[in-house]
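Here the structure is laid out as structure tokens; the discussion comes afterwards.
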Amino acid sequence: MTATVEAEVLVERRGNLGHILLNRPRALNSLTPGMVATIASTLAEWHDDDVVQVVAISGAGERGLCAGGDIVGIYSDLVAASGATARFWADEYRLNSAIANYPKPVVAIMDGLVLGGGVGISAHASVRVVTERSKVGMPEVGIGFVPDVGGTYLLSRAPGELGTHFALTGASMTGPEAIAAGFADHEVASADLPDLLVALQGGDAAGSVARFAVPRPVPVPRAWIDECYSSDDALEILSRLEASSSDDAREAGASIRAKSPTSVVVTLASLRRAALLPSLESALDQEYRVGLRIIEGGEMIEGIRAQVIDKDRTPQWNPASIAEVDDAAVDRHFADLGDRELGLQSTTATQRSAS
């Protein structure tokens, strides 16, 4: 008997709902190039389909919507230097932009783990739903990378320095925290998600979500976060955290110490620059530029090796401390890529002008 290989993405239309289900539950629905291509082509197909009035994106299983990109696959490519990761990121970032600009309501079901690339396919949607099980985060600094998929755009626009805290520590947000940070809009009980998907078949995204939304107070950002993270200097931020009277602040400082020093400094610079950029697309262009420079530096290979491949949890970062990170080296991460530029900002601007 031949075993059936189930599709990595399941696509279904019911009533006025188009449902995209990420279907790699054993891998926490981590994204592969094929999954990105399927989601993109499905959205393109439904763009002018009058029957599909609402699109929902969710993940199979109960562990999460999506834990990010396929890290093992990325590691193999980086070691082989085949260029597949750069192509994957280009397609992924284009998809992030397409979701953000989709002409129909896109309801993202951010249940369980929503990390890295999972944020990219959900937090730019028009209606973003979290649950009591949601853990939303951009943990890239822990593997020698930086927040991408439009994460720097969102993080840099969170209230006060809340986004800086989550970016530099890589910590996950609860559902209410994700709402406070601007990554989500509504909380729905996980037990109500099947009924919500049924209700969405009627084509009323806002009304259906409002019907199931749980009124929860949005947490107020803690004062020490704004006090400690207001600097543009990563070393100064670390000093403030470690000298704080808050146990939470000192814990954050210890967390940052364990992350890639290069990633921490480049992430901070990325956030400060992203705050001044005019659009999601311009931030994605910057993230692509920074990402390719990170690859060239080799830090990401070491980070994935230590955390995912060998799992010894002892990455040998180079340089080994934030104090050793060179300002000129940081600036080079933002240098123009020439003919390798993603160019999403200019392409999207042209499309909007044409329409």
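Just so you know, all these numbers are worked out from the coordinates, no wet-lab data involved. Here the structure is a predicted model, which is why all the values come from computation and not from measurement. So basically every Cβ, Gly included, is an ideal-geometry build from the backbone, and we count neighbours across all protein chains shown.
Figures for the structure shown
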read-out	value
Distance in nm between pseudo-label sites at Arg13 and Asp326 (7 Å out along the Cβ direction from Cα)	5.7
Whole-angstrom gap from the stretch 110-132 to the stretch 230-276, using each part's C-alpha centre	25
Highest-fluctuation residue, Ala178, Ala206, Ala123 considered, GNM on the chain with Cα pairs under 10 Å	Ala206
Angle between the chain longest axis and helix 84-100 axis [Cα atoms, degrees, rounded to 10]	60
Options (1) -0.57, -0.77, -0.86, -0.96; (2) -0.44, -0.68, -0.81, -0.95; (3) -0.38, -0.59, -0.72, -0.86 - which one matches log10 I(q)/I(0) by the Debye sum over Cα atoms at q = 0.08, 0.10, 0.11, 0.12 Å⁻¹ as calculated here	(3)
Net length gained if the chain between Ala80 and Asn23 were fully extended (0.36 nm per residue, minus Cα distance)	17.8 nm
14 Å Cα-Cα reach of Lys135 towards aspartates and glutamates, excluding residues that sit fewer than 8 places from it in its own chain	Glu62, Asp111, Glu177, Glu187
Most mobile listed residue (Asn96, Asn29, Asn16) in the chain, GNM with C-alpha springs under 10 Å	Asn16
Cα-based Rg and Dmax for the stretch 21-169, where Dmax is the largest Cα-Cα distance (Å)	15.0, 46
Spatial separation of Cα centroids for the stretch 138-205 and the stretch 305-320, in angstrom	27
For Lys135, residues with placed amide H under 5 Å, excluding near neighbours	Gly112, Leu113, Val114
Student exercise, the chain dipole from Lys, Arg, Asp, Glu Cβ charges, in Debye to nearest 20	460
Rel. contact order, % - alpha carbon contacts under 8 angstrom, at least six apart, the chain	16
Over the stretch 155-232, relative contact order from alpha-carbon pairs under 8 Å, at least 6 apart, %	38
Two-site FRET efficiency, Glu227 against Arg133, from Cβ-Cβ distance with R₀ of 22 Å, rounded to 0.05	0.10
Length released on extending from Glu251 to Glu62, taking residue separation times 0.36 nm less the Cα-Cα span	65.1 nm
Of Ala213, Ala223, Ala90, the one that fluctuates the most in a GNM where the chain has Cα springs shorter than 10 Å	Ala223
Highest to lowest packing among 129-141, 309-321, scored as the average C-beta count within 10 Å	129-141, 309-321
